[in-house]
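As structure tokens, the structure follows; a few thoughts come after it.
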Amino acid sequence: MASRKTRLTLMKVFSLFSVVRGYNIPVIALAQYLSAIFILAPEQRALDVLLDANLFLIVLASSLTIASGYIINNFYDAQKDLINRPKKSMLDRLVSQQTKLHVYFALNILVTLLAFLVSWRAAVFFSAYIFLIWFYSHKLKKYPVIGNLTAALLAVLPFFGILMYFKNFYQVIFAHATFLYLLILTRELIKDLENIKGDLVANYRTIPVMFGEAMSKRLITALTFLTLIPVYLLIEIYDVGYMDIYFYAGMIFIIYFLILLWKAETQKQYLRLHNILKFLIVTGVFCIVLIDPSVLVNGRNLLY
């Protein structure tokens with residue numbers, strides 16, 4: 001009996017981990033720290049950045065806000081997820097909707113308290129971030145274009161929070177942000193193609209639902225070509241060290257992605273395209289260190 005109860009508890013913990021997508025959050029936190037060291041505060045010692053208590057609180061608050069965002073998004077998407085992701089949906093349903101809401105509100109209260117430890121401005125920023133995530137999940141994601149634009153914005157807002165903390169408004173930072181935003185926006189459009197069946201049932205007026213798959217593919221193609229602008233700036237105008245290798249390789253992936261895009265017709269094929277973009281984004285996180293690999297090789301900028 002005890003063994004069965006323990007197994008059920010572990011399944012519920014794993015279910016909640018699935019709901020908050022715990023596998024994504026450490027990558028986002030790592031991306032924030034690497035961005036702070038190599039892009040947002042390159043003039044500071046890496047050790048000072050790593051030991052900055054306020055930065056730690058901001059990253060922690062960001063991680064918890066993202067986790068709560070996944071919960072409220074899962075809460076509102078329960079119906080369409082049964083169609084689009086039946087296996088994951090059955091796992092997620094091991095935790096009741098009421099429990100999800102309790103965890104959601106608890107996380108948001110904790111985020112607000114953590115932000116207040118940094119400053120009242122940080123508390124205002126994260127309160128607005130929490131509200132925007134809820135408003136997106138409740139209303140905006142059901143509408144074409146505005147839902148996609150907001151989803152991509154929500155994904156980059158944690159980095160904007162760190163940018164405001166360091167108050168470094170270099171042009172190269174906005175070039176990086178534009179590249180990331182365009183990739184995430186493209187991924188959101190791919191997700192709409194991937195989830196079209198569930199969106200139709202749940203009455204989500206996404207671009208594929210309203211204008212068809214061909215129009216979605218044209219928009220995705222246009223967005224991928226737009227990524228060439230920030231890539232050109234980062235390679236030719238700004239100094240990004242050896243990270244230009246990532247951008248050159250990324251363009252090869254983009255060409256491969258576009259070829260597969262125009263051949264794709266099934267959910268499985270769209271999922272493959274989604275994973276290609278996810279791989280490109282996550283790889284970009286780790287390749288940030290190529291901007292100045294000496295930090296890892298011989299400790300320069302770590303102590304001096």
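Please treat every number below as a calculation from the coordinates, not as lab data. Being a predicted model, the structure only gives us computed values, none of them experimental. We place every Cβ from the backbone using ideal geometry, glycine too, and count neighbours over all the protein chains shown.
Looking only at region 61-84, which residues have a backbone nitrogen under 19 Å from a spot 7 Å from the Cα of residue 11 in the C-beta direction?
Under 19 Å, as judged by backbone N against the label point of residue 11, lie 82 of region 61-84.
So which aspartates and glutamates can residue 100 reach, going by Cα to Cα under 20 Å and dropping same-chain residues fewer than 8 places off?
Within the straight-line limit of under 20 Å, residue 100 reaches these aspartates and glutamates: 77, 81, 92.
Work out, step by step, the length gained on full extension between residue 263 and residue 170: first 0.36 nm times the residue separation, then minus their alpha carbon distance; give nm to one decimal.
So the extension gain works out to 29.5 nm.
State to the nearest 20 debye the size of the charge dipole of region 1-124 about its Cα centre, where the only charges are +1 on K and R beta carbons and -1 on D and E beta carbons.
The dipole of region 1-124 has a size of about 820 debye.
Need one word for region 1-119: rounded, prolate or oblate. Basis is the Cα gyration tensor (sqrt eigenvalues a ≥ b ≥ c); a/c below 1.5 gives rounded, then a/b vs b/c decides.
Because a/c hits 1.5 or more and a/b exceeds b/c, region 1-119 counts as prolate.
Within straight cross-link reach of residue 268, meaning Cα distance under 20 Å, which lysines are found once same-chain residues fewer than 8 apart are removed?
Excluding near neighbours in sequence, the set is 80, 87, 88, 191, 197, 217, 278.
Grab the other residues whose beta carbon is less than 11 angstrom from that of residue 203, score K and R as +1, D and E as -1, and report the net.
Around residue 203, the charge tally is +2.
In region 146-241, which trypsin sites (Lys or Arg not before Pro) fall in coil by DSSP and have 16 or fewer other Cβ atoms within 10 Å?
Here the trypsin sites (Lys or Arg not before Pro) that fit, given the DSSP loop and packing criteria, are 167, 205.
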